[in-house]
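J.: One structure, pasted below without further comment.
The values are calculated or read from the model by the stated rules, or taken from the named source; none is laboratory data. Not measured: the values here are computed from a predicted model. Counting neighbours? That spans all protein chains shown, and the Cβs are built from the backbone with ideal geometry, glycine included.
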Ligand code: ES4
Ligand code: ZN
(Lines give C-alpha, C1' and ligand atoms only; values in the text may rest on other atoms or scores of the structure.)
(Ligands and ions follow the chains in the order given, each with its own letter.)
Protein backbone atom coordinates (compact mmCIF):
# COMPACT_ATOMS: atom_id res chain seq x y z
CA UNK A 1 0.00 0.00 0.00
CA UNK A 2 1.18 3.54 -0.67
CA UNK A 3 2.13 5.69 2.31
CA UNK A 4 -0.67 8.17 1.52
CA UNK A 5 -3.19 5.31 1.69
CA UNK A 6 -1.67 4.06 4.95
CA UNK A 7 -1.97 7.54 6.40
CA UNK A 8 -5.63 7.74 5.39
CA UNK A 9 -6.36 4.35 6.90
CA UNK A 10 -4.89 5.42 10.25
CA UNK A 11 -7.63 6.55 12.69
CA UNK A 12 -6.93 10.18 13.55
CA UNK A 13 -8.39 13.05 15.55
CA UNK A 14 -8.22 16.61 14.26
CA UNK A 15 -7.87 19.19 17.01
CA UNK A 16 -7.08 22.42 15.18
CA UNK A 17 -9.47 23.22 12.38
CA UNK A 18 -11.29 26.48 11.67
CA UNK A 19 -14.55 25.58 9.99
CA UNK A 20 -14.46 28.88 8.05
CA UNK A 21 -11.06 27.78 6.73
CA UNK A 22 -12.59 24.75 5.01
CA UNK A 23 -14.58 26.95 2.60
CA UNK A 24 -13.54 25.78 -0.87
CA UNK A 25 -13.67 28.36 -3.70
CA UNK A 26 -16.42 26.35 -5.45
CA UNK A 27 -18.73 26.61 -2.43
CA UNK A 28 -17.67 30.25 -1.93
CA UNK A 29 -18.97 31.07 -5.40
CA UNK A 30 -22.13 29.02 -4.93
CA UNK A 31 -22.96 30.77 -1.64
CA UNK A 32 -22.13 34.21 -3.06
CA UNK A 33 -24.67 33.56 -5.77
CA UNK A 34 -27.25 32.09 -3.38
CA UNK A 35 -26.95 35.13 -1.09
CA UNK A 36 -26.50 37.80 -3.75
CA UNK A 37 -23.05 38.80 -2.56
CA UNK A 38 -20.51 40.40 -4.88
CA UNK A 39 -17.03 38.86 -4.57
CA UNK A 40 -13.95 40.71 -5.85
CA UNK A 41 -12.97 37.63 -7.90
CA UNK A 42 -13.97 36.89 -11.51
CA UNK A 43 -13.46 33.12 -11.31
CA UNK A 44 -12.69 30.19 -9.05
CA UNK A 45 -9.20 30.15 -10.54
CA UNK A 46 -8.70 33.75 -9.53
CA UNK A 47 -9.72 32.93 -5.96
CA UNK A 48 -7.09 30.19 -5.77
CA UNK A 49 -4.47 32.53 -7.25
CA UNK A 50 -5.12 35.05 -4.45
CA UNK A 51 -3.97 32.46 -1.88
CA UNK A 52 -0.41 33.72 -1.71
CA UNK A 53 0.36 34.91 1.79
CA UNK A 54 3.42 36.48 3.37
CA UNK A 55 2.29 36.35 6.98
CA UNK A 56 -0.73 35.67 9.20
CA UNK A 57 -2.39 39.07 8.62
CA UNK A 58 -2.22 38.82 4.82
CA UNK A 59 -4.04 35.49 5.14
CA UNK A 60 -6.62 36.74 7.65
CA UNK A 61 -7.66 39.55 5.26
CA UNK A 62 -8.46 37.02 2.51
CA UNK A 63 -10.04 34.58 4.97
CA UNK A 64 -12.46 37.11 6.47
CA UNK A 65 -13.42 38.21 2.95
CA UNK A 66 -14.19 34.60 1.98
CA UNK A 67 -16.27 34.09 5.12
CA UNK A 68 -18.54 36.99 4.10
CA UNK A 69 -20.55 34.65 1.82
CA UNK A 70 -21.76 32.65 4.88
CA UNK A 71 -25.15 34.01 5.89
CA UNK A 72 -27.78 31.36 6.65
CA UNK A 73 -28.13 28.26 8.80
CA UNK A 74 -28.10 26.24 5.58
CA UNK A 75 -24.77 27.85 4.56
CA UNK A 76 -23.15 26.80 7.83
CA UNK A 77 -24.64 23.33 7.48
CA UNK A 78 -23.32 22.92 3.92
CA UNK A 79 -19.88 24.23 4.89
CA UNK A 80 -19.58 21.87 7.84
CA UNK A 81 -20.92 18.80 6.09
CA UNK A 82 -18.54 19.31 3.14
CA UNK A 83 -15.66 19.29 5.65
CA UNK A 84 -16.95 16.10 7.30
CA UNK A 85 -17.04 14.30 3.94
CA UNK A 86 -13.37 15.19 3.46
CA UNK A 87 -12.57 14.29 7.07
CA UNK A 88 -14.14 10.87 6.58
CA UNK A 89 -12.08 10.24 3.44
CA UNK A 90 -8.97 11.21 5.40
CA UNK A 91 -9.62 8.74 8.22
CA UNK A 92 -10.65 11.27 10.84
CA UNK A 93 -12.83 9.62 13.49
CA UNK A 94 -12.99 12.55 15.91
CA UNK A 95 -12.79 16.29 15.27
CA UNK A 96 -12.81 19.40 17.47
CA UNK A 97 -13.64 22.39 15.32
CA UNK A 98 -13.29 26.11 15.91
CA UNK A 99 -15.83 28.62 14.80
CA UNK A 100 -15.44 32.41 15.01
CA UNK A 101 -18.90 33.81 15.84
CA UNK A 102 -17.74 37.45 15.73
CA UNK A 103 -16.76 37.13 12.06
CA UNK A 104 -20.44 36.56 11.34
CA UNK A 105 -22.47 38.31 14.05
CA UNK A 106 -20.66 41.56 13.11
CA UNK A 107 -22.33 41.23 9.68
CA UNK A 108 -25.79 40.67 11.15
CA UNK A 109 -25.82 36.87 10.99
CA UNK A 110 -27.75 35.32 13.89
CA UNK A 111 -25.72 33.38 16.45
CA UNK A 112 -28.39 30.68 16.38
CA UNK A 113 -28.03 30.17 12.62
CA UNK A 114 -24.26 29.84 12.87
CA UNK A 115 -24.10 27.35 15.70
CA UNK A 116 -27.18 25.30 14.77
CA UNK A 117 -26.08 24.97 11.14
CA UNK A 118 -22.75 23.63 12.37
CA UNK A 119 -24.29 21.43 15.09
CA UNK A 120 -26.84 19.87 12.70
CA UNK A 121 -24.09 18.95 10.24
CA UNK A 122 -21.97 17.47 13.04
CA UNK A 123 -24.96 15.35 14.14
CA UNK A 124 -25.38 14.10 10.56
CA UNK A 125 -21.63 13.40 10.39
CA UNK A 126 -21.90 11.28 13.51
CA UNK A 127 -24.75 9.26 11.97
CA UNK A 128 -23.31 8.84 8.48
CA UNK A 129 -19.59 8.56 9.20
CA UNK A 130 -19.41 7.80 12.95
CA UNK A 131 -17.27 10.93 13.39
CA UNK A 132 -17.54 12.25 16.93
CA UNK A 133 -17.00 15.96 17.43
CA UNK A 134 -16.84 18.96 19.73
CA UNK A 135 -17.30 22.64 18.96
CA UNK A 136 -14.78 25.21 20.23
CA UNK A 137 -16.04 28.78 20.21
CA UNK A 138 -13.15 31.09 19.47
CA UNK A 139 -12.79 34.78 20.32
CA UNK A 140 -11.14 37.08 17.78
CA UNK A 141 -8.17 38.54 19.64
CA UNK A 142 -7.93 41.67 17.46
CA UNK A 143 -11.29 42.72 18.97
CA UNK A 144 -11.74 43.86 22.57
CA UNK A 145 -12.27 41.75 25.67
CA UNK A 146 -15.66 43.46 26.11
CA UNK A 147 -16.61 42.19 22.68
CA UNK A 148 -15.64 38.66 23.74
CA UNK A 149 -17.80 39.03 26.88
CA UNK A 150 -20.74 39.97 24.63
CA UNK A 151 -20.33 36.82 22.50
CA UNK A 152 -20.10 34.67 25.61
CA UNK A 153 -23.45 36.16 26.70
CA UNK A 154 -24.96 35.76 23.21
CA UNK A 155 -23.99 32.07 23.27
CA UNK A 156 -25.81 31.39 26.55
CA UNK A 157 -28.78 29.42 25.10
CA UNK A 158 -26.34 27.21 23.19
CA UNK A 159 -23.78 26.38 25.87
CA UNK A 160 -24.64 22.69 25.64
CA UNK A 161 -23.25 22.65 22.08
CA UNK A 162 -19.91 24.21 23.10
CA UNK A 163 -17.12 22.21 24.73
CA UNK A 164 -14.33 24.76 24.92
CA UNK A 165 -13.36 28.38 24.34
CA UNK A 166 -10.50 29.34 22.03
CA UNK A 167 -8.54 32.44 21.02
CA UNK A 168 -7.45 33.14 17.44
CA UNK A 169 -6.72 35.82 14.80
CA UNK A 170 -3.79 38.28 14.93
CA UNK A 171 -1.45 37.18 17.74
CA UNK A 172 1.15 39.95 17.61
CA UNK A 173 -0.12 42.93 19.62
CA UNK A 174 -3.01 40.92 21.10
CA UNK A 175 -1.45 38.82 23.88
CA UNK A 176 -3.37 36.32 26.02
CA UNK A 177 -3.45 38.63 29.06
CA UNK A 178 -5.86 40.88 27.14
CA UNK A 179 -8.50 38.11 27.58
CA UNK A 180 -7.72 37.05 31.16
CA UNK A 181 -11.09 38.09 32.60
CA UNK A 182 -13.33 36.62 29.91
CA UNK A 183 -11.44 33.33 30.07
CA UNK A 184 -11.87 33.30 33.87
CA UNK A 185 -15.62 33.67 33.32
CA UNK A 186 -15.63 30.89 30.70
CA UNK A 187 -13.75 28.60 33.10
CA UNK A 188 -16.29 29.43 35.81
CA UNK A 189 -19.05 28.42 33.43
CA UNK A 190 -17.39 25.02 33.03
CA UNK A 191 -15.75 25.39 29.61
CA UNK A 192 -12.34 23.99 28.79
CA UNK A 193 -9.94 26.48 27.19
CA UNK A 194 -7.35 26.55 24.41
CA UNK A 195 -5.50 29.40 22.71
CA UNK A 196 -3.40 30.07 19.65
CA UNK A 197 0.04 31.02 20.98
CA UNK A 198 3.60 31.00 19.74
CA UNK A 199 2.51 30.92 16.08
CA UNK A 200 3.86 34.37 15.11
CA UNK A 201 4.07 35.61 18.68
CA UNK A 202 6.74 34.98 21.34
CA UNK A 203 7.13 32.00 23.70
CA UNK A 204 5.90 34.30 26.46
CA UNK A 205 2.40 34.05 24.94
CA UNK A 206 2.52 30.28 25.45
CA UNK A 207 3.44 30.66 29.12
CA UNK A 208 0.76 33.30 29.70
CA UNK A 209 -1.89 31.22 27.92
CA UNK A 210 -1.09 28.36 30.31
CA UNK A 211 -0.88 30.49 33.44
CA UNK A 212 -3.58 33.10 32.86
CA UNK A 213 -6.05 31.40 30.50
CA UNK A 214 -5.54 27.91 32.00
CA UNK A 215 -5.49 26.31 28.57
CA UNK A 216 -5.43 22.53 28.16
CA UNK A 217 -3.59 22.70 24.84
CA UNK A 218 -1.56 25.22 22.87
CA UNK A 219 -2.64 25.83 19.28
CA UNK A 220 0.52 26.00 17.13
CA UNK A 221 3.10 26.66 19.87
CA UNK A 222 6.07 26.19 17.54
CA UNK A 223 7.86 29.22 19.03
CA UNK A 224 8.17 27.37 22.36
CA UNK A 225 11.74 26.57 21.26
CA UNK A 226 12.69 30.20 22.03
CA UNK A 227 12.53 29.36 25.74
CA UNK A 228 14.33 26.21 26.94
CA UNK A 229 12.68 26.24 30.34
CA UNK A 230 9.21 26.52 28.82
CA UNK A 231 9.92 23.69 26.39
CA UNK A 232 11.07 21.50 29.28
CA UNK A 233 7.85 22.29 31.12
CA UNK A 234 5.66 21.52 28.09
CA UNK A 235 7.36 18.14 27.77
CA UNK A 236 7.26 17.33 31.49
CA UNK A 237 3.59 18.34 31.84
CA UNK A 238 2.62 16.70 28.53
CA UNK A 239 0.91 19.88 27.29
CA UNK A 240 -0.29 19.08 23.76
CA UNK A 241 0.69 21.29 20.84
CA UNK A 242 -1.76 21.33 17.92
CA UNK A 243 0.74 21.95 15.14
CA UNK A 244 -0.38 22.79 11.58
CA UNK A 245 2.59 22.15 9.24
CA UNK A 246 1.15 23.32 5.90
CA UNK A 247 -0.30 26.41 7.57
CA UNK A 248 3.13 27.33 8.96
CA UNK A 249 4.67 27.06 5.48
CA UNK A 250 1.92 29.06 3.74
CA UNK A 251 2.18 31.82 6.37
CA UNK A 252 5.98 31.79 6.31
CA UNK A 253 6.48 30.78 9.94
CA UNK A 254 9.00 28.38 8.36
CA UNK A 255 10.31 28.87 4.84
CA UNK A 256 10.18 25.18 3.88
CA UNK A 257 8.82 21.92 5.34
CA UNK A 258 12.40 20.71 5.72
CA UNK A 259 12.94 23.55 8.20
CA UNK A 260 9.84 22.83 10.30
CA UNK A 261 10.61 22.01 13.94
CA UNK A 262 7.80 19.46 14.50
CA UNK A 263 10.13 16.47 14.30
CA UNK A 264 12.65 18.04 16.71
CA UNK A 265 9.81 18.69 19.14
CA UNK A 266 8.55 15.13 18.68
CA UNK A 267 12.02 13.63 19.26
CA UNK A 268 12.49 15.77 22.38
CA UNK A 269 9.32 14.18 23.77
CA UNK A 270 6.72 16.91 23.30
CA UNK A 271 3.09 15.83 22.80
CA UNK A 272 2.79 17.05 19.22
CA UNK A 273 -0.24 16.56 17.00
CA UNK A 274 -0.68 17.24 13.28
CA UNK A 275 -3.63 19.36 12.12
CA UNK A 276 -4.83 21.23 9.06
CA UNK A 277 -5.91 24.69 10.43
CA UNK A 278 -7.53 26.22 7.29
CA UNK A 279 -7.14 23.44 4.73
CA UNK A 280 -8.89 25.16 1.84
CA UNK A 281 -6.44 28.06 2.06
CA UNK A 282 -3.27 26.17 2.93
CA UNK A 283 -3.22 23.52 0.21
CA UNK A 284 -4.18 20.36 2.04
CA UNK A 285 -6.41 18.52 4.48
CA UNK A 286 -5.25 16.40 7.41
CA UNK A 287 -3.82 13.42 5.51
CA UNK A 288 -1.84 15.84 3.31
CA UNK A 289 -0.31 17.37 6.43
CA UNK A 290 0.75 13.93 7.71
CA UNK A 291 2.08 13.09 4.25
CA UNK A 292 4.18 16.26 3.98
CA UNK A 293 5.71 15.54 7.40
CA UNK A 294 6.65 12.07 6.28
CA UNK A 295 8.02 13.27 2.96
CA UNK A 296 10.16 16.18 4.12
CA UNK A 297 10.99 15.40 7.74
CA UNK A 298 11.56 11.66 7.55
CA UNK A 299 8.86 10.71 10.00
CA UNK A 300 8.56 6.93 9.91
CA UNK A 301 5.11 5.37 9.71
CA UNK A 302 5.52 4.11 13.30
CA UNK A 303 6.13 7.71 14.38
CA UNK A 304 3.04 8.88 12.51
CA UNK A 305 1.05 6.22 14.39
CA UNK A 306 2.41 7.70 17.64
CA UNK A 307 1.31 11.17 16.52
CA UNK A 308 -2.15 9.89 15.61
CA UNK A 309 -2.35 8.35 19.10
CA UNK A 310 -1.31 11.72 20.55
CA UNK A 311 -4.24 13.30 18.72
CA UNK A 312 -6.68 11.17 20.72
CA UNK A 313 -4.74 11.60 23.97
CA UNK A 314 -4.84 15.37 23.50
CA UNK A 315 -8.54 15.42 22.60
CA UNK A 316 -11.40 16.37 24.92
CA UNK A 317 -12.93 12.89 24.70
CA UNK A 318 -13.36 11.03 28.00
CA UNK A 319 -10.61 8.55 28.91
CA UNK A 320 -13.01 5.71 28.03
CA UNK A 321 -13.88 7.18 24.62
CA UNK A 322 -10.20 7.77 23.88
CA UNK A 323 -9.39 4.11 24.41
CA UNK A 324 -12.25 3.05 22.15
CA UNK A 325 -11.10 5.37 19.38
CA UNK A 326 -7.29 4.90 19.50
C1 LIG B 1 -5.92 31.22 11.85
CL2 LIG B 1 -3.62 30.14 10.97
C3 LIG B 1 -4.55 31.09 12.06
N4 LIG B 1 -3.96 31.75 13.05
C5 LIG B 1 -4.68 32.52 13.84
N6 LIG B 1 -6.00 32.69 13.71
C7 LIG B 1 -6.61 32.03 12.72
N8 LIG B 1 -7.90 32.01 12.34
C9 LIG B 1 -7.99 31.21 11.28
N10 LIG B 1 -6.80 30.72 10.96
ZN1 ZN C 1 -5.60 28.14 13.75
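J.: Quick check on the stretch 293-309. Is at least one of its residues closer than 30 Å to residue 181 by Cβ, crowded, with 23+ Cβ neighbours inside 10 Å and either modelled with pLDDT of 95 or more or within 14 Å of ligand 1 (Cβ to nearest atom) (or both)?
T.: Within the stretch 293-309, the first condition is being closer than 30 Å to residue 181 by Cβ, and the residues that meet it are none.
Checking the stretch 293-309: not a single residue is closer than 30 Å to residue 181 by Cβ, crowded, with 23+ Cβ neighbours inside 10 Å and either modelled with pLDDT of 95 or more or within 14 Å of ligand 1 (Cβ to nearest atom) (or both).
J.: Go through (1) within 16 Å of ligand 1 (Cβ to nearest atom); (2) crowded, with 21+ Cβ neighbours inside 10 Å one by one and return the number of the condition residue 252 breaks.
T.: Every condition holds for residue 252 apart from (2).
J.: When you scan the stretch 25-64, how many residues do you find that are touching a helix residue (DSSP H, G or I) at 6+ places or on another chain (Cβ under 8 Å), within 18 Å of residue 283 (Cα to Cα) and outside any helix (DSSP H, G or I)? Before the answer, list the steps.
T.: Applying the first criterion (touching a helix residue (DSSP H, G or I) at 6+ places or on another chain (Cβ under 8 Å)) to the stretch 25-64 yields 25-29, 31, 34-35, 37-41, 44, 47-48, 50-51, 53, 59, 62-64.
From what's left, within 18 Å of residue 283 (Cα to Cα): 25-28, 44, 47-48, 50-51, 53, 59, 62-64.
After this cut, where a residue has to be outside any helix (DSSP H, G or I) as well, the list is 50-51, 53.
Going through the stretch 25-64 one residue at a time, the tally reaches 3.
J.: Scan the stretch 260-283 for residues that are surrounded by fewer than 24 Cβ atoms within 10 Å (Cβ to Cβ) and either at pLDDT below 95 or assigned to a helix (DSSP H, G or I) (or both) and jot them down.
T.: Selection gives 263, 264, 265, 266, 267, 268, 282.
So that you can scan it fast, the table gives a plain yes or no per residue for (1) within 16 Å of ligand 2 (Cβ to nearest atom); (2) in contact (Cβ under 8 Å) with a residue 12 or more places away in the chain:
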site	(1), (2)
268	no, yes
276	yes, yes
282	yes, yes
293	no, yes
299	no, yes
304	no, yes
318	no, no
322	no, no
325	no, yes
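J.: Run down 122, 110, 143 and say which single residue is under 28 Å from residue 310 (Cβ atoms) and either more than 16 Å from ligand 1 (Cβ to nearest atom) or surrounded by fewer than 20 Cβ atoms within 10 Å (Cβ to Cβ) (or both).
T.: Working: 110 fails: under 28 Å from residue 310 (Cβ atoms); 143 fails: under 28 Å from residue 310 (Cβ atoms).
The unique qualifying residue is 122.
J.: Based on what the data block shows, is residue 21 under 23 Å from residue 316 (Cβ atoms) and either outside any helix (DSSP H, G or I) or within 16 Å of ligand 1 (Cβ to nearest atom) (or both)?
T.: On the way: under 23 Å from residue 316 (Cβ atoms): yes; either outside any helix (DSSP H, G or I) or within 16 Å of ligand 1 (Cβ to nearest atom) (or both): yes.
It is true that residue 21 is under 23 Å from residue 316 (Cβ atoms) and either outside any helix (DSSP H, G or I) or within 16 Å of ligand 1 (Cβ to nearest atom) (or both).
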